[in-house]
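Below: the structure, in C-alpha cells.
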Amino acid sequence: MATGDSAGTPPPPGGRVLVSTKGTAILGCGATLLVVAVGLIIVMGFSGGYVVIPTLIAIAAAIALGYGVKEMQKWEAFELVIPVWPVPLGATLDAELIRRAKTSVPDRDIAVRGLIICREKVTYQVGTDTRTERNDVCKQPFSTIATVNDGVFRAPIPLVVPLDRGGPTIDFEHNDITWRVDLEMEKLSWTSASQSFEFVVAPYLDTDAGVIQDAPRSQP
Amino acid sequence: MQRNADPNLSIRIDDDVAEVGSFFGCDVARSPADGESNASSGPGKIRAVRVSLRWYTEGRGDTDSNTVMTVELPVDEFGMTSGRVELGVPGNGPISYDGSLIRVRWEISAQTDIKLGFDQLSTAEVLVVPRGGHGLYDRAHPRRVQ
C-alpha cells in the first residue's frame with residue numbers, strides 16, 4: 001500500500017503524488033527473512049541440528065532480495081499523481097501512474113487493469129475476542145494502456161469516486177471507510193506487477209460532476 | 001425530541017440539514033410551566049441548559065461517537081432561559097452516512113442540568129451532508145421514525 005508524498009514527480013497544484021512503498025517493503029521482508037534464516041543455520045549448525053530447511057529459506061530469500069535489488073536498480077518507485085487532493089465525492093479525475101527507469105529500457109505498451117475499491121471495515125468485541133468485518137461497497141473496474149517511452153512508464157488512471165456508493169474516508173476507532181486503487185500490470189516482474197494506492201475522499205462534492213446536478217434533493 | 005425530555009424546553013432548529021463546515025442554528029427557550037418554581041423542587045434546582053451537537057455510529061461494529069460542540073445556557077432563579085445557539089459542524093465531517101456495515105448519525109441534544117436530580121435529555125436528529133451538497137446530496141440515511 002502506498003503512502004507518502006512525492007519523491008521524484010512534483011505534485012500538481014492542489015494535488016498529491018503517492019509513492020509506492022511495495023518494493024522497499026519486499027526488500028525489507030526479504031532481508032529480514034535472510035537474516036533470520038542465516039541465524040538459524042548458524043545456531044542449528046553449532047548445535048548439530050537439521051539445517052536443510054533454513055538453508056532453503058535463506059537461498060529463496062537471497063534470490064528474492066537480489067531480484068528486488070536488481071529491479072530497484074532498474075526502476076524508481078511507482079508514483080500515482082492525483083490532480084486534486086483530497087478527492088471530492090463524485091469526482092472523475094485523470095490521475096497518472098508514473099515510473100521512471102534508471103537505466104535504458106525498451107519502448108513498449110503495457111496493459112493495465114485496475115479496480116477502485118471503497119471498503120467499510122468495522123471491529124467489534126465478542127467476549128474477549130475482537131472481530132473484524134469488511135465489505136467492499138464499491139468495486140469499479142477499469143482498464144487502460146501504459147506506454148513506456150524514453151525510459152518513463154506512464155498510464156492514465158481514471159479515478160472515479162461515484163456518488164451513489166461508498167462515502168468520504170473515515171478513520172474512527174471501530175469504524176473505517178477507506179478508498180484505494182488496485183492495479184495489475186502485464187509483462188512486469190512479480191515485485192511490480194501489482195500495486196495498490198490508498199487515497200482520501202473528502203466530505204465535499206465535486207461541483208464539476210454532472211451527476212450531482214441530476215441527483216434528487218435529500219428527502220426525509 | 002424524546003428520552004425523558006424536559007417538557008418546558010423548546011428548541012427550534014432553523015434547518016435540520018447542514019453541510020460540513022457550516023452550522024446548525026437554533027433558538028432555545030425554557031419557560032417553566034405554571035406552578036413550577038425552578039423544576040418544582042425549590043429555587044436553584046435547575047443549573048443550566050446544555051445544547052450539544054454530536055455524531056455516533058450504528059451498525060455491525062462497536063459504536064464510535066463524538067460531541068463536537070456544547071453550548072451552555074445559564075438559567076435564572078426560576079429556571080428560565082432563552083437564547084440563540086449556533087452549533088458548528090467540523091469541516092472534515094463525518095457526514096451522515098448509510099452504508100452496509102456502518103451508519104453515521106448526527107443529533108442535537110438539549111440537557112437540562114438538575115441539581116441532585118436526574119438530568120432531562122431531549123434529542124433531535126439532524127443530517128450533515130457534504131460541502132456543496134445541501135439540496136443535492138441524497139445519500140444520507142433515512143430519518144429515524146419518531
Looking for whichever is touching a residue at least 12 places away in the same chain (Cβ under 8 Å), farther than 30 Å from B:GLY133 by Cα and either part of a loop (DSSP other than H, G, I, E, B) or open to solvent by 40 Å² or more (accessible area, probe 1.4 Å) (or both) here; the options are A:LEU40, A:LEU115, A:LEU56, A:LEU27. Which one fits? A:LEU40
Members of the range A:185-203 that are modelled with pLDDT of 90 or more and assigned to a strand (DSSP E or B): A:SER196, A:PHE197, A:GLU198, A:PHE199, A:VAL201, A:ALA202, A:PRO203
Could you please tell me which pairs satisfy a Cβ distance under 7 Å, a separation of 6+ or placement on different chains, a first residue in the range A:128-140 that is closer than 11 Å to B:LEU101 by Cβ and free of Cβ contacts under 8 Å to residues at least 40 places away in the same chain, and a second residue that is assigned to a loop (DSSP other than H, G, I, E, B) and open to solvent by 100 Å² or more (accessible area, probe 1.4 Å)? A:GLU133/B:ARG60
Exactly one of (1) within 30 Å of B:TYR56 (Cα to Cα); (2) open to solvent by 60 Å² or more (accessible area, probe 1.4 Å) is unmet by A:ASP109. Its number? (1)
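The values are calculated or read from the model by the stated rules, or taken from the named source; none is laboratory data. Values in this document were obtained by computation on a predicted structure and should not be read as measured data. Positions of Cβ are backbone-derived with ideal geometry, glycine not excepted, and every protein chain shown enters the neighbour counts. Ligands, DNA and RNA are stripped out before the accessible areas are found, and what is left, the full protein with its side chains, is counted by its heavy atoms. Shrake-Rupley method; radii C 1.70, N 1.55, O 1.52, S 1.80 Å.
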